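**Student:** Handing you this structure, nothing more for now.
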Amino acid sequence: MHTYQPPVKDFMFILYDLFQINEKHSDIFADYSKDMVEPILIEAGRLASEVILPTNKAGDIEGCTLESGKVKTPNSFKEAFNKIASGEWPSLNCDPEFGGQGIPLTIATAVGEFFGSANVALYIYHVLSHGVYSTIKAHGTSKQKSTFLPNLVKSKWTGTMNLTEPQCGTDLAMIKTRAVPSINDSYKISGQKIYISAGDHDLAENIIHLVLAKIPGSPDGVKGISLFIVPKFIVSPNGEILNPNNVSVGKVERKMGIHGNATCVMNYDEATGYLLGLENKGLSCMFTMMNEARHAVGMQGLSQAEIAYQYANQHAKDRVQGKPIVLTDRDTKRNNDTQTSDTIICHPDIRRMLLEQKSFIEGARAFAIWSSLLIDKGNYSNDEDAKGLVSLLIPIFKAFLSDKGFESTVIAQQVLGGQGYVEDSEMSQFVRDARIAMIYEGTNGIQAIDLIGRKLTASGGKYVVNFIREVKSFINNSSNDEIFKTDFVTPLNSALDDLEKSLDYLSKYGLADPNNALSGASDFLHLFGHVILGYLWSQIGKKSLTRINENRDVDFYQAKFETGKFYMKRSLPETKLRLARVLSGKDSVMNINQDRF
Ligand SMILES: Cc1cc2nc3c(=O)[nH]c(=O)nc-3n(C[C@H](O)[C@H](O)[C@H](O)COP(=O)(O)OP(=O)(O)OC[C@H]3O[C@@H](n4cnc5c(N)ncnc54)[C@H](O)[C@@H]3O)c2cc1C
C-alpha cells in the first residue's frame, strides 16, 4: 500500500499567505490564527493517512452487499467511520446550537480534501449527512431541527438525498413518487428512488432520507414538487428511535467505482414522511443540499487527482527506464554514465504529465479555498456580492474540477505504464472512483447549461461583469516585473479576452437561437474554468515572486512560480480552442440529421 502526504503546507500557504484570511477577512477569521489552524489540519491529515487510507483498497474490493434486506458495508469501514465521528470532524462547520464546532467552511474544506483523498467512498456518507443537516437547518421547523440535527451532527445518524427515479434523473418534472396527507401533519410517501448514495448501511443507528415527491392535486412539473423528511426509523421528538418506517432497499448497484459507498434502489411503501419547507417548494429547498453537494463533488475530483498524483510522482522517481537524451547537471554528476537508464522523471514527457497534474491540482486547491471563502462571506457577513459570485462559480467548480480531476487521474495512470492498469498498483481505483463526479449532482453537461442559461444572466449579468472587472484590476495593478508580465500577465490578459469574446457571442447569437449557445456550453464552462485558474495562478505567481525576493522559503516559492508558469504556458491556451468551438455555434452540431447518427 502506498502512503498519503496530506498537503497541509499548501493549504496553509493558500489560507494565510495568498488569501491572508486573518488580515483581509478578520470579521470571520479573527479567532483562527495560523497557530490554531495548523494543528487541526495536521491532525486531520494524520487521521486521513493513518486511519482512513488503509480502508480504501479493502473497501474497493469488498464493496457493499445486501443481505436479508440489510446493507453491509466493507468490514474496515465501521471503525474508520466511528473515528471520524468521535473526532467530531463532520461537525467542524456545523452550528454550535446543534452540537457543531462553528468553524468556517474555508478551513473545513481542507479537511474534506484529505478525507476524500484517503477514501472517497467512505467520506461520502459524511458529506451527504452534512447536506441533510444544512437543508433541515435552512428550511426545517424548530421541532424538526431539534429532533433531527443533533444526531446528524454527531454522525449517530446519516442522511441521503432522493431525487432520481427510474424514468427521471435530469428531468425532475417527471417525478412519480407520491405524498398523501396523513395524521398529525405527516404524509404517506410511496414510490421508488434509484441510485441513492448511502441509501442504506450498517454504519449508523438511523438514516434520514430527504425525498422529493408530489402531493396529489399539486401543479404539474417542477412547480408541484415538495420535499419530505423520511427517516429509516421513526423517532420521538427528542430523537429516540421508535419503530422501523416502511422504507426498504430493492437492490445495491454494482458499479464502476466508489464500491464502498452503497448506491441503493429505495422503495417507499406508504412510509411516514414530514414536509420540509413549503408545499410545492421542494426543489428550491433541495437546492440548499444540491449546491453544497456540488461543491463537495468538485472537491471529490480534486481529492482523487491529488492522491493519484502522489502515487504517480513517487513512481516517476522510483521507476528506472530509458536513458535521458540530453544530460542534465544531475546526470553529469552521476559519473557521466550515459549508458545507464535513469528514473523516468528525467524524461520530458513524464515531467509534462506530472506538471499537468500538479498545476491543475494546486490551482484547483486555490479555487476550492476562494469559493469556500465566498460561501463563508455570504453566510457570516451576508455579503450579497459574494453570494452572487459563488452562485456563478458553483457549476464551474463542480464540472471543471470533476472533468479535470478525472483527466488528471488518467494522466497519473499513464505515468505508471502497465502498472497503472493492473489492480495491484491501486491506481485504477482512483480513476474509477473519480469518474462518478462528472455524472451525479447534475451531469457536467447540465452544469454547463445552468451556467449559460441561469447563472450568467442572474441579476442582469452583474456577477460575471464583477469577475471580469476584478481580473482586469489585478492585471492593471500587477507588478512591473518583466518576467512576471511575460509569464503570467500577458497570457492571463489573452485568456480573459477569449472569455469576453465568448460572452459577446453568447449574448448576440445565443439569444437569437439558444442552440448556438447550448452547442458550446461545455466549452464555455471549460474556457471560464481555465480563466479562473489562470487568475489564481497569477496571484500565486505574484506572491511567490515577492517571497523569493524576500529570500523566504525559496524552494517552496520557486516551485510555485515554475508550476504556475507551466499552467500559463501549457494549460491556459486551451481557452483559444474552447473559444473557437463556442464561436462555431450550432451548425456543425445540429445540421446532421438524427437518422445519420
Ligand atoms: C453512483 C451514483 C450515485 C448517485 N447518487 C444519487 C443520489 O444520492 N441521489 C439521487 O437522487 N441521485 C443519485 N444519482 C443519480 C444521478 O444524479 C443521475 O444519474 C444524474 O443526475 C443523471 O441522470 P440520469 O442518469 O437519469 O441521466 P439522464 O437524465 O437520462 O441523462 C442522460 C444524458 O443526457 C443528458 N441530458 C439530459 N437532459 C438534457 C438536456 N435537457 N440538455 C442536454 N443534455 C441533457 C445528460 O447530461 C446525460 O449526459 C447517482 C447516480 C450514480 C450513478
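**Student:** Going by the alpha-carbon gyration tensor, a ≥ b ≥ c the square roots of its eigenvalues, is region 8-137 rounded (a/c under 1.5) or, if a/c is not under 1.5, prolate (a/b greater than b/c) versus oblate?
**Tutor:** It comes out prolate by the Cα gyration axes.
**Student:** Next up: Could you give log10 I(q)/I(0) at q = 0.11, 0.12 Å⁻¹ for the chain, computed by the Debye formula over C-alpha point scatterers of equal weight, without solvent?
**Tutor:** These q points yield log10 I(q)/I(0) values of -1.10, -1.29.
**Student:** Right, another one. For a quick check: with amide H placed at 1.01 Å from N, whose amide H comes under 5 Å from Val235's, ignoring anything fewer than 5 positions away on the same chain?
**Tutor:** When sequence neighbours closer than 5 places are left aside, the close amide H contacts are Leu242.
**Student:** OK, next. Principal axis lengths of region 348-480 from Cα atoms, whole Å, largest first?
**Tutor:** Result, largest extent first: 51, 42, 27 Å.
**Student:** Could you give each residue of region 134-141 its phi-based ³J(HN,Hα) in whole Hz, using Karplus coefficients 6.51, -1.76, 1.60 with θ = phi - 60°, and x for Gly or Pro?
**Tutor:** 3J(HN,Hα) across region 134-141, in whole Hz: 4, 6, 5, 5, 6, 10, x, 6.
**Student:** Using per-residue counts of other Cβ atoms within 10 Å, averaged over each peptide, order 367-376, 582-591 from highest down.
**Tutor:** 367-376, 582-591
**Student:** I would also like to ask the following. So for region 91-133, Kirkwood radius off the Cα pairs, Stokes-Einstein at 4 °C and 1.567 mPa s: how many µm² s⁻¹?
**Tutor:** 121 µm²/s
**Student:** Just read off the accessible area of Cys64 with the full protein assembly in place, 1.4 Å probe, to the nearest 10 Å².
**Tutor:** Solvent-accessible area, nearest 10 Å²: 20 Å².
**Student:** Starting from the Cα-Cα distance between Arg352 and Arg469, subtract it from 0.36 nm times their residue separation and give me the gain in nm to one decimal.
**Tutor:** Fully extending the segment from Arg352 to Arg469 adds 38.8 nm.
**Student:** Using a 1.4 angstrom probe on the protein heavy atoms only, line up Tyr509, Tyr274 by accessible area, largest first.
**Tutor:** From most exposed to least exposed: Tyr509, Tyr274.
**Student:** Quick one: Kirkwood hydrodynamic radius for region 132-177, alpha-carbon pairs, angstrom, one decimal?
**Tutor:** 12.2 Å
**Student:** How large is log10 I(q)/I(0) at q = 0.18 Å⁻¹ when the Debye formula is applied to the Cα atoms of region 158-281, each weighted equally and without solvent?
**Tutor:** -0.93
**Student:** Out of the total accessible area of the chain (probe 1.4 Å, heavy atoms of protein only), what percent is carbon and sulfur?
**Tutor:** 51 percent
**Student:** Of all DSSP beta bridges in the chain, what percent run antiparallel (nearest 5)?
**Tutor:** Roughly 85 percent of the DSSP beta bridges within the chain come out antiparallel.
**Student:** Another question, if that's okay. Which whole-number value in Å² is the accessible area per residue of region 458-597, probe 1.4 Å?
**Tutor:** Value returned for region 458-597: 50 Å² of accessible area per residue.
**Student:** Considering only DSSP states other than H, G, I, E and B, which GluC sites (Glu not before Pro) in region 515-588 qualify as loop sites with at most 15 other Cβ atoms within 10 Å?
**Tutor:** For GluC sites (Glu not before Pro) across region 515-588 that sit outside H, G, I, E and B with at most 15 neighbouring Cβ atoms in 10 Å, the list reads Glu550.
**Student:** How large is the accessible surface per residue of region 84-160, computed with a 1.4 Å probe and reported in Å² as a whole number?
**Tutor:** Counting only protein heavy atoms, the per-residue value for region 84-160 is 27 Å².
**Student:** Continuing with the same structure: Rounded to the nearest 20 Debye, what is the dipole magnitude of region 8-137 about its Cα centre when Lys and Arg each give +1 and Asp and Glu each give -1 at the C-beta?
**Tutor:** 460 debye
**Student:** For region 235-316, which trypsin sites (Lys or Arg not before Pro) are both in a DSSP coil and crowded by at most 13 other Cβ atoms within 10 Å?
**Tutor:** The qualifying sites are Arg254.
**Student:** Can you tell me the orientation of helix 554-566 relative to the chain, as the angle in degrees between its alpha-carbon axis and the longest Cα principal axis, to the nearest 10?
**Tutor:** Tilt relative to the chain: about 80 degrees.
**Student:** So how do Tyr195, Tyr4 rank on accessible area, 1.4 Å probe, biggest first, that is with the largest at the start?
**Tutor:** Tyr195, Tyr4
**Student:** Probe 1.4 Å, all protein chains in place: accessible area of Val127 in Å², nearest 10?
**Tutor:** Approximately 40 Å² of Val127 is accessible to the 1.4 Å probe.
**Student:** For the chain, calculate the relative contact order in percent as a whole number, restricting contacts to Cα pairs under 8 Å that are 6 or more residues apart.
**Tutor:** It comes to 12 percent, rounded to a whole number.
**Student:** Work out the P(r) tail for region 343-423: percent of alpha carbon pairs separated by more than 14 Å, whole number.
**Tutor:** 69 percent
**Student:** To the nearest whole percent, what portion of all C-alpha pairs in region 75-225 is separated by more than 18 angstrom?
**Tutor:** That fraction is 62 percent.
**Student:** Using the structure shown, select from Lys542/Lys569; Lys281/Lys398; Lys398/Lys576; Lys398/Lys455; Lys83/Lys154 the pairs with a Cα to Cα distance greater than 19 angstrom.
**Tutor:** In this structure, Lys281/Lys398; Lys398/Lys576 lie more than 19 Å apart at Cα.
**Student:** Starting from the 7 Å offset along Cα-to-Cβ, what nm value, one decimal, do you get for the label separation of Asn82 and Ala138?
**Tutor:** Going from the Asn82 label point to the Ala138 one covers 3.4 nm.
**Student:** Round to a whole angstrom and tell me the spacing of the C-alpha centers of region 461-483 and region 7-80.
**Tutor:** If we compute the Cα centre of each part, the gap is 33 Å.
**Student:** Return the equivalent ellipsoid semi-axes of region 458-597 as a descending list in whole Å, where each equals the square root of 5 times an eigenvalue of the C-alpha gyration tensor.
**Tutor:** After diagonalising the Cα gyration tensor, the semi-axes are 36, 16, 10 Å.
The values are calculated or read from the model by the stated rules, or taken from the named source; none is laboratory data. These figures come from a predicted structure and were not determined experimentally. Every residue, glycine among them, receives a Cβ derived from its backbone with ideal geometry; neighbour counts consider all protein chains shown. Ligands, DNA and RNA are excluded from the accessible area calculation, which covers all protein heavy atoms including side chains. Shrake-Rupley method; radii C 1.70, N 1.55, O 1.52, S 1.80 Å.
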